[in-house]
Amino acid sequence: MLSERLLSNAIIFMANKQLKLSAPSQLSLPAPEAGRRYMLYMHVPFCEVLCPYCSFNRYAFREDVAVPYFDNLRKEMLMLKTAGYDFDGLYIGGGTPTVMIDQLCETIDLAREQFTIKDVTSETNPNHLTPEYVEKLKDRVQRLSVGVQSFDDGLLKQMDRYEKFGSGAEILERINAAAPFFNTLNVDMIFNLPSQTEAILRSDLEKLVDCGAHQVTPSPLYTSNATLKKMAASMGKINYKREYEYYQIVDEVLIGGADPEFYLKSVWNYNRVDRSGGVAGEKAILIDEYAEYPGIGSGAVTHLHGKLYVNTFSLSEYNTAIEAGHMPIMGETTLGRTELMRYRFLNQLYNLRLDKKLFRETFGCSVERGLPVEMTFMRLQGAFENNNDEELTLTPRGRYLTLVMYRQFLASLNNLREQARAVLPGNDGKELQFEE
């Protein structure tokens, strides 16, 4: 649709103008704000399979490289302790964090010893939903997020996931077996994959309904310039013209009808209704991976105090920096007041409600005055269900437009990562395997 293309192009233009890395002003993160609590993001960049659409910092797994990396990851975490940080939550992403389960458990245990962490979220892949792994994770991780992407065997083969992670039927069986051991088991799925048909999408969604997951996250496909060539060769080109139609199908299957199995938690996150009278998944935090937080690990992005800091993507440079006693920051960018207002606007709408009073208290002006173009566009598009002195909430069309903005924002962060990747030493760059 025309509005989607206009919105996507506007986000691309603004991000390319704003998200430009410069040399870091210092090799440490700013001190924490007094009285404020934070979440810690931890990046583990090793994968057994390098998916063609993924732009995060990732390397083919090698044990001899991963062991010293985990050791330095723990040292970097202790640097934040020395700097005065404390954390309520820990999110471990990748890569595949569970690629070395004992190293991961040692790292989580240290984090719990050093900080007052209440909730741990870790990403994983379906082949790690085995009794051995689940036994080690169940008392350490409250929210386990499984990257399934699709249950369709044809799509799994296109993504090079079938041989390593198993068939759709095998993955479904593992999810059902693992779910009872976690406060929240989340299943990540991608919709609008190039060769995904409506029939495949409906089949995938029906399996989400039938599986034991407490929470499901069907997110739209987004890429970066670095992954487009490889993905097009293996899966085809992205068709944004059908994205809205597919998003409507997601809603129809998951939250449609008189007695839906799920309810909407954010623009593309759905929690299962607990038929015993409660709501499944409510005890675990809903992670917004891009709120303000310190990030550690090679390729981690930190957002603090109006700045983005990017850690080196080079494993050798990462290890050298940590062993020298300083943080591995390779670049930073400052967000201006308008960019911070847009960031707040997007993140709160992604979570389905913008608090107008909080916006005014934070920025000293109303959202209408601070973001007149954005507000006019969304209003003319029929995006707001409620628009009063207290709040903005979204219509179904408004949710889709927010999805477009958020999808394009994440793609823009991928392009920020490309800037960090561009200065990689030769061997590190080759191991990322984007062009193979």
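The values are calculated or read from the model by the stated rules, or taken from the named source; none is laboratory data. The structure displayed is predicted, hence computed values, not measured ones. Reconstructed Cβ throughout: ideal geometry from the backbone, glycine too, with neighbour counts over all protein chains shown.
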Selection within the stretch 359-385 - surrounded by 14 or more Cβ atoms within 10 Å (Cβ to Cβ), farther than 23 Å from residue 410 by Cα and of a type in the set (A, V, I, L, M): none
The stretch 372-388 - residue that is part of a loop (DSSP other than H, G, I, E, B) and at pLDDT 95 or above and, of those, farthest from residue 248 (Cα to Cα): 388
Quick test for you: out of 80, 40, 27, pick the one residue that is assigned by TED's automatic domain parsing to the domain that holds residue 148, in a strand (DSSP E or B), farther than 30 Å from residue 400 by Cβ and modelled with pLDDT of 85 or more. 40
Number of the exception - residue 79 against (1) touching a helix residue (DSSP H, G or I) at 6+ places or on another chain (Cβ under 9 Å); (2) closer than 24 Å to residue 219 by Cβ; (3) in contact (Cβ under 8 Å) with a residue 40 or more places away in the chain: (2)
Do any residues in the stretch 31-49 that are aromatic (Phe, Trp, Tyr) have Cβ atoms under 6 Å from those of residues that are outside any loop (DSSP other than H, G, I, E, B) and modelled with pLDDT of 90 or more, where the two are at least six apart or on different chains, and which pairs are they? 38/87; 38/293; 41/91; 41/293; 41/295; 46/66; 46/99
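Residues 133, 162: which one is under 17 Å from residue 195 (Cβ atoms) and either buried (at least 16 other Cβ atoms within 10 Å of the Cβ) or modelled with pLDDT of 95 or more (or both)?
On the way: 133 fails: under 17 Å from residue 195 (Cβ atoms).
Of the residues listed, the single one that is under 17 Å from residue 195 (Cβ atoms) and either buried (at least 16 other Cβ atoms within 10 Å of the Cβ) or modelled with pLDDT of 95 or more (or both) is 162.
Return the only residue of 85, 53 being of a type in the set (Ser, Thr, Tyr) and at pLDDT below 95.
Values: 85 fails: at pLDDT below 95.
The conditions single out 53.
Can you list the helices (runs of 4 or more DSSP H) lying wholly within the stretch 126-240 that have 2 or more residues being among the polar types (S, T, N, Q) and in contact (Cβ under 8 Å) with a residue 40 or more places away in the chain? Before you say what the answer is, go through the steps one by one.
Numbers: elements: 131-137, 153-158, 162-165, 168-178, 198-210, 225-235.
Answer list for the stretch 126-240: 225-235.
Anything in the stretch 312-334 that is within 12 Å of residue 28 (Cβ to Cβ) and not in a loop (DSSP other than H, G, I, E, B)? List them, or say none.
Filtering the stretch 312-334 down to residues within 12 Å of residue 28 (Cβ to Cβ) leaves 321, 325-329, 332.
Once the filter is applied, which keeps residues that are within 12 Å of residue 28 (Cβ to Cβ) and not in a loop (DSSP other than H, G, I, E, B), the stretch 312-334 yields 321, 329, 332.
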